[in-house]
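The values are calculated or read from the model by the stated rules, or taken from the named source; none is laboratory data. For clarity, every value in this text was computed on a predicted model and none was experimentally measured. So basically every Cβ, Gly included, is an ideal-geometry build from the backbone, and we count neighbours across all protein chains shown.
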Amino acid sequence: MIEVSISSLVTDAPTVPPETSTVEAATRLRQPEVRALVVSSGEEVVGVVTESDVVAVVAEGGENPSVDSYMSAPVVTTSPSTDVGLAADRMRDAGVGLLPVVDDGTYRGVVTRDALAPYLSRHRLEVTWEGDPLTLGGSDPRGDDASGGERSDAVTTE
(Lines give C-alpha, C1' and ligand atoms only; values in the text may rest on other atoms or scores of the structure.)
Protein backbone atom coordinates (compact mmCIF):
# COMPACT_ATOMS: atom_id res chain seq x y z
CA MET A 1 0.00 0.00 0.00
CA ILE A 2 1.25 3.52 -0.69
CA GLU A 3 2.02 5.01 2.69
CA VAL A 4 1.62 8.67 1.79
CA SER A 5 -1.37 10.55 3.16
CA ILE A 6 -3.90 12.43 1.08
CA SER A 7 -3.51 15.57 3.22
CA SER A 8 -1.59 17.43 0.49
CA LEU A 9 -4.19 16.47 -2.14
CA VAL A 10 -7.22 17.92 -0.34
CA THR A 11 -8.93 20.75 -2.21
CA ASP A 12 -11.77 23.06 -1.32
CA ALA A 13 -15.31 22.16 -2.27
CA PRO A 14 -18.17 24.40 -1.22
CA THR A 15 -20.71 23.23 1.29
CA VAL A 16 -24.43 23.84 1.10
CA PRO A 17 -27.22 23.08 3.55
CA PRO A 18 -29.70 20.28 2.71
CA GLU A 19 -32.48 22.77 1.93
CA THR A 20 -30.48 24.40 -0.93
CA SER A 21 -32.61 24.61 -4.08
CA THR A 22 -31.64 22.96 -7.34
CA VAL A 23 -31.39 26.39 -9.00
CA GLU A 24 -28.92 27.55 -6.34
CA ALA A 25 -26.94 24.29 -6.63
CA ALA A 26 -26.78 24.69 -10.42
CA THR A 27 -25.57 28.27 -10.04
CA ARG A 28 -22.79 27.20 -7.66
CA LEU A 29 -21.80 24.29 -9.92
CA ARG A 30 -21.42 26.62 -12.92
CA GLN A 31 -18.24 28.02 -11.39
CA PRO A 32 -15.31 26.46 -13.28
CA GLU A 33 -13.47 25.21 -10.21
CA VAL A 34 -16.55 23.65 -8.58
CA ARG A 35 -17.23 20.03 -9.54
CA ALA A 36 -19.36 19.01 -6.58
CA LEU A 37 -21.14 20.42 -3.57
CA VAL A 38 -20.78 18.84 -0.16
CA VAL A 39 -24.09 18.89 1.68
CA SER A 40 -23.66 19.54 5.38
CA SER A 41 -25.95 19.89 8.33
CA GLY A 42 -24.02 21.82 10.93
CA GLU A 43 -20.59 20.18 11.06
CA GLU A 44 -21.84 16.83 9.72
CA VAL A 45 -21.34 15.89 6.06
CA VAL A 46 -24.65 14.33 4.98
CA GLY A 47 -24.34 14.08 1.20
CA VAL A 48 -22.73 15.11 -2.07
CA VAL A 49 -24.33 16.70 -5.14
CA THR A 50 -22.58 16.63 -8.51
CA GLU A 51 -23.28 18.33 -11.83
CA SER A 52 -24.78 15.11 -13.18
CA ASP A 53 -27.18 14.93 -10.21
CA VAL A 54 -28.45 18.44 -10.98
CA VAL A 55 -28.69 17.77 -14.73
CA ALA A 56 -30.82 14.67 -14.06
CA VAL A 57 -33.21 16.65 -11.83
CA VAL A 58 -33.48 19.51 -14.33
CA ALA A 59 -34.08 17.06 -17.20
CA GLU A 60 -37.07 15.65 -15.33
CA GLY A 61 -38.56 19.14 -15.36
CA GLY A 62 -41.13 20.44 -12.99
CA GLU A 63 -40.27 21.67 -9.55
CA ASN A 64 -37.14 23.09 -7.94
CA PRO A 65 -36.49 20.48 -5.22
CA SER A 66 -33.94 20.89 -2.46
CA VAL A 67 -30.67 18.99 -2.80
CA ASP A 68 -31.50 16.68 0.10
CA SER A 69 -34.09 14.97 -2.11
CA TYR A 70 -31.47 13.70 -4.59
CA MET A 71 -28.02 14.03 -3.01
CA SER A 72 -25.79 10.96 -2.79
CA ALA A 73 -26.17 9.70 0.76
CA PRO A 74 -24.98 8.21 2.96
CA VAL A 75 -21.62 9.62 1.97
CA VAL A 76 -18.29 7.83 2.29
CA THR A 77 -15.76 10.12 3.96
CA THR A 78 -12.08 9.82 4.77
CA SER A 79 -9.53 11.53 7.00
CA PRO A 80 -6.47 13.60 6.02
CA SER A 81 -4.19 10.83 7.29
CA THR A 82 -5.65 8.20 4.93
CA ASP A 83 -3.01 6.93 2.52
CA VAL A 84 -3.41 7.44 -1.22
CA GLY A 85 -3.95 3.76 -2.03
CA LEU A 86 -6.67 3.30 0.59
CA ALA A 87 -8.45 6.46 -0.60
CA ALA A 88 -8.40 5.11 -4.16
CA ASP A 89 -9.79 1.78 -2.92
CA ARG A 90 -12.61 3.54 -1.06
CA MET A 91 -13.56 5.55 -4.14
CA ARG A 92 -13.55 2.46 -6.33
CA ASP A 93 -15.56 0.40 -3.84
CA ALA A 94 -18.14 3.18 -3.38
CA GLY A 95 -18.31 4.01 -7.09
CA VAL A 96 -17.57 7.70 -6.49
CA GLY A 97 -15.12 10.22 -7.89
CA LEU A 98 -14.48 12.14 -4.71
CA LEU A 99 -14.39 11.71 -0.96
CA PRO A 100 -15.14 14.44 1.56
CA VAL A 101 -12.26 14.73 4.02
CA VAL A 102 -13.30 14.97 7.67
CA ASP A 103 -10.89 15.51 10.56
CA ASP A 104 -12.26 14.95 14.07
CA GLY A 105 -15.78 15.64 12.83
CA THR A 106 -14.82 18.81 10.95
CA TYR A 107 -15.11 19.02 7.15
CA ARG A 108 -11.74 19.93 5.56
CA GLY A 109 -12.35 19.62 1.80
CA VAL A 110 -12.39 16.81 -0.75
CA VAL A 111 -9.94 14.50 -2.43
CA THR A 112 -10.80 13.62 -6.03
CA ARG A 113 -10.02 10.70 -8.29
CA ASP A 114 -8.25 13.17 -10.59
CA ALA A 115 -5.97 14.26 -7.73
CA LEU A 116 -5.06 10.65 -6.89
CA ALA A 117 -4.53 9.38 -10.45
CA PRO A 118 -1.19 11.06 -11.23
CA TYR A 119 0.21 10.03 -7.86
CA LEU A 120 -0.85 6.41 -8.27
CA SER A 121 0.56 6.43 -11.80
CA ARG A 122 3.92 7.85 -10.65
CA HIS A 123 4.23 5.21 -7.98
CA ARG A 124 3.02 2.47 -10.33
CA LEU A 125 0.93 0.61 -7.81
CA GLU A 126 0.93 -2.97 -8.99
CA VAL A 127 -0.84 -6.19 -8.17
CA THR A 128 0.98 -9.47 -8.75
CA TRP A 129 -0.80 -12.24 -10.63
CA GLU A 130 1.24 -15.47 -10.78
CA GLY A 131 4.50 -13.54 -11.05
CA ASP A 132 3.29 -11.10 -13.71
CA PRO A 133 2.97 -7.52 -12.44
CA LEU A 134 -0.29 -5.89 -13.49
CA THR A 135 -1.24 -2.28 -13.04
CA LEU A 136 -3.95 -1.97 -10.38
CA GLY A 137 -7.30 -1.91 -12.16
CA GLY A 138 -5.70 -3.07 -15.38
CA SER A 139 -6.06 -6.27 -17.33
CA ASP A 140 -3.65 -8.98 -18.34
CA PRO A 141 -1.22 -7.34 -20.82
CA ARG A 142 -1.46 -10.41 -23.07
CA GLY A 143 -5.20 -9.88 -23.47
CA ASP A 144 -6.20 -13.11 -21.75
CA ASP A 145 -5.49 -15.11 -18.66
CA ALA A 146 -2.48 -16.82 -20.22
CA SER A 147 -1.01 -17.57 -16.81
CA GLY A 148 -3.90 -19.91 -16.06
CA GLY A 149 -3.27 -19.25 -12.41
CA GLU A 150 -4.79 -17.75 -9.35
CA ARG A 151 -4.48 -14.09 -8.46
CA SER A 152 -2.20 -13.52 -5.48
CA ASP A 153 -2.89 -10.96 -2.79
CA ALA A 154 0.58 -9.45 -3.04
CA VAL A 155 0.57 -5.70 -3.63
CA THR A 156 3.85 -4.00 -4.45
CA THR A 157 5.06 -0.50 -5.24
CA GLU A 158 8.13 0.62 -7.13
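Residues are listed down the side, and each one gets a yes or a no for (1) within 25 Å of D114 (Cβ to Cβ); (2) in a helix (DSSP H, G or I); (3) assigned by TED's automatic domain parsing to the domain that holds T106:
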{"site": "V23", "(1), (2), (3)": "no, yes, yes"}
{"site": "A26", "(1), (2), (3)": "yes, yes, yes"}
{"site": "P32", "(1), (2), (3)": "yes, no, yes"}
{"site": "V38", "(1), (2), (3)": "yes, no, yes"}
{"site": "G47", "(1), (2), (3)": "yes, no, yes"}
{"site": "N64", "(1), (2), (3)": "no, no, yes"}
{"site": "D68", "(1), (2), (3)": "no, yes, yes"}
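In the set A73, A87, A117, which member is of a type in the set (G, A, S), at pLDDT 90 or above and surrounded by fewer than 18 Cβ atoms within 10 Å (Cβ to Cβ)?
Answer to the check: A73.
Would you mind finding the one in S8, S41 that is small (G, A, S), over 12 Å from the mean Cα position of the chain (by Cα), surrounded by fewer than 14 Cβ atoms within 10 Å (Cβ to Cβ) and under 30 Å from S121 (Cα atoms)?
Being small (G, A, S), over 12 Å from the mean Cα position of the chain (by Cα), surrounded by fewer than 14 Cβ atoms within 10 Å (Cβ to Cβ) and under 30 Å from S121 (Cα atoms) holds for just one of S8, S41, which is S8.
Does D93 fit the bill of being at negative phi, part of a helix (DSSP H, G or I) and either in contact with an Asp or Glu (Cβ under 7 Å, 6 or more places away or on another chain) or surrounded by fewer than 15 Cβ atoms within 10 Å (Cβ to Cβ) (or both)?
The answer is yes for D93.
Can you confirm whether V67 is more than 26 Å from L120 (Cα to Cα), of a type in the set (A, V, I, L, M, F, W, C) and at pLDDT 95 or above?
yes
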